[in-house]
Every structure is written in structure tokens, then in C-alpha cells.
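The values are calculated or read from the model by the stated rules, or taken from the named source; none is laboratory data. On a predicted model such as this, the values are computed, not experimentally measured, just so you know. With ideal geometry, Cβ positions are generated from the backbone for all residues, glycine too; neighbour counts draw on all protein chains shown.
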Amino acid sequence: MPADPGRPGLRERKKAQIRDRIRAEGLRLFAEQGYAATTTDQIAAAADVSPSTFFRYFAGKERVVLADDLEAIMLAALAEQPDHLPPLTAFRRAVDAGLARVGNEEEEQRRRLVDTVPELRQAQLDELARVVTVLAEALVARLRPGPDDFEARVFTGALTGAILAAIRSGATGSTAVTRAVGYLETGFPLAGRAS
């Protein structure tokens with residue numbers, strides 16, 4: 001019987017299981033003994049893998065918290081959006097769909113860690129900026145005919161900057177995206193306001 005082309009092979013499934021186990025044990029240890037007190041060796045031992053195996057899956061313990069596969073989830077959600085949608089509408093819908101796919105107990109625990117550990121908070125902002133930039137570039141690639149390079153860079157920068165500014169102002173998740181994208185869709189009315 002031929003393999004299902006939509007289903008990952010045995011090797012990929014085993015790798016995903018190891019990655020998930022390392023992440024689950026890392027989050028458990030962070031909750032039990034604190035982020036700072038937990039070492040990568042402890043996480044590896046709890047997950048029943050060697051330290052070198054840990055580092056094949058995660059560059060460091062902060063990646064255990066930040067590695068939520070958000071980029072792949074969001075890119076898949078963006079690819080599902082109809083081509084006829086305006087770019088910002090497609091982006092907003094993709095983010096809403098993507099965030100709905102990662103909403104679980106582990107995600108809540110991860111968010112609490114990011115909120116309470118300053119170095120994780122900054123690393124999360126850096127990661128979010130990278131993911132939003134990747135999504136914005138994918139969004140630009142959907143446009144026919146494609147915008148020139150300057151327009152694409154400005155659009156990507158504006159979208160990334162707007163979302164990060166919204167998040168830094170205290171909005172979270174889809175609320176931040178909705179408000180930021182909504183403001184972009186209005187054409188920046190603040191820019192035309194007299195002082």
C-alpha cells in the first residue's frame with residue numbers, strides 16, 4: 001500500500017515526538033524549579049535524550065520556550081487564504097487562524113514564561129519580528145503583478161513595525177494584529193493630522 005503523501009513518514013514522526021518530549025519536559029522543569037535554575041542537561045535527562053540530541057533539536061533552553069513552530073503554522077494559514085483577498089485582510093485572517101491552532105495548555109504555559117522572564121520577553125519579540133517579516137514577504141509574493149523591491153520592503157517594514165508597536169503597547173495575540181492591521185488599512189490618518 002503506498003504511503004499517504006499528506007502524512008509525514010516514520011522518521012519525521014519520530015523526530016517530532018522527540019522534539020515534543022524535549023519541549024514538554026523543559027516546560028515542566030521550568031514550572032517546577034524556575035527557568036534560571038533549569039539546565040539543558042536536566043532537560044535532556046528528563047526527556048531521556050543525550051545533551052547532543054537536545055542541541056540537535058534546540059539551540060538552547062530559550063528555544064524550548066520560543067520554538068512554537070509559529071512560522072510554519074502561519075505560513076500554512078496564509079497559503080489557505082483566497083488569492084482575491086486584499087493583502088492585509090489575508091494577513092489578518094491567517095494570523096487569526098494560526099493563533100487558533102496553537103491555543104492550548106502548553107501555549108499558555110509558554111506565554112507565562114515569556115511574560116515573567118525578561119530575556120525570554122526580548123527573545124520572543126525578536127522571534128515575532130522575524131516571523132511577521134517572513135509572513136509579510138510571503139504576502140507580497142502573492143501579489144500579481146509583484147510590487148517593486150522598494151515597495152515590498154516598505155510594506156514589510158510597515159507591517160512588522162505596526163504589529164510590534166501594538167504588542168509593545170500591551171495588546172496581545174490576535175488583538176494586537178487586528179488593531180495594527182486595522183490602522184494600516186485606514187492609511188495612517190495620524191500622518192495627515194496637523195499639529
message: What's the number of the only condition in (1) part of a loop (DSSP other than H, G, I, E, B); (2) surrounded by 13 or more Cβ atoms within 10 Å (Cβ to Cβ); (3) free of Cβ contacts under 8 Å to residues at least 12 places away in the same chain; (4) not assigned by TED's automatic domain parsing to the domain that holds Arg130 that Asp20 fails to meet?
response: (1)
field: Only listed residue being exposed (fewer than 13 other Cβ atoms within 10 Å of the Cβ), of a type outside the set (Asp, Glu) and modelled with pLDDT of 90 or more, chosen from Ala36, Ala45
entry: Ala36
- request: Within the range 42-53, track down each residue that is touching an Asp or Glu at 6+ places or on another chain (Cβ under 8 Å), closer than 10 Å to Ile22 by Cα, assigned to a helix (DSSP H, G or I) and of a type outside the set (Val, Ile, Thr).
  value: Ala46
field: Selected residue [of a type in the set (A, V, I, L, M) and either at pLDDT 85 or above or exposed (fewer than 12 other Cβ atoms within 10 Å of the Cβ) (or both)] from Ala171, Ala94
entry: Ala94
- request: Go through Thr89, Thr38 for me and flag whichever is over 14 Å from the mean Cα position of the chain (by Cα) and not in a helix (DSSP H, G or I).
  value: Thr38
message: Among the residues of the range 133-150, what is the count of those that are surrounded by 13 or more Cβ atoms within 10 Å (Cβ to Cβ) and part of a helix (DSSP H, G or I)?
response: 9
- prompt: Which of the following residues is surrounded by fewer than 16 Cβ atoms within 10 Å (Cβ to Cβ) and more than 20 Å from the chain's Cα centre (by Cα): Ala31, Ala100, Ala72, Ala79?
  reply: Ala31
- prompt: Does Val154 count as touching a residue at least 24 places away in the same chain (Cβ under 8 Å) and assigned to a helix (DSSP H, G or I)?
  reply: no
field: Members of the range 111-132 found to be in a helix (DSSP H, G or I) and surrounded by 15 or more Cβ atoms within 10 Å (Cβ to Cβ), listed by number
entry: Arg111, Leu113, Val114, Leu120, Ala123, Gln124, Glu127, Leu128, Ala129, Val131, Val132
- request: Give the range 174-194 a look and list any residue that's of a type in the set (S, T, N, Q) and surrounded by 10 or more Cβ atoms within 10 Å (Cβ to Cβ), or say none.
  value: Ser174, Thr175, Thr178
message: Tally up the residues in the range 152-173 that are small (Gly, Ala, Ser) and under 17 Å from Ala94 (Cα atoms), please.
response: 2
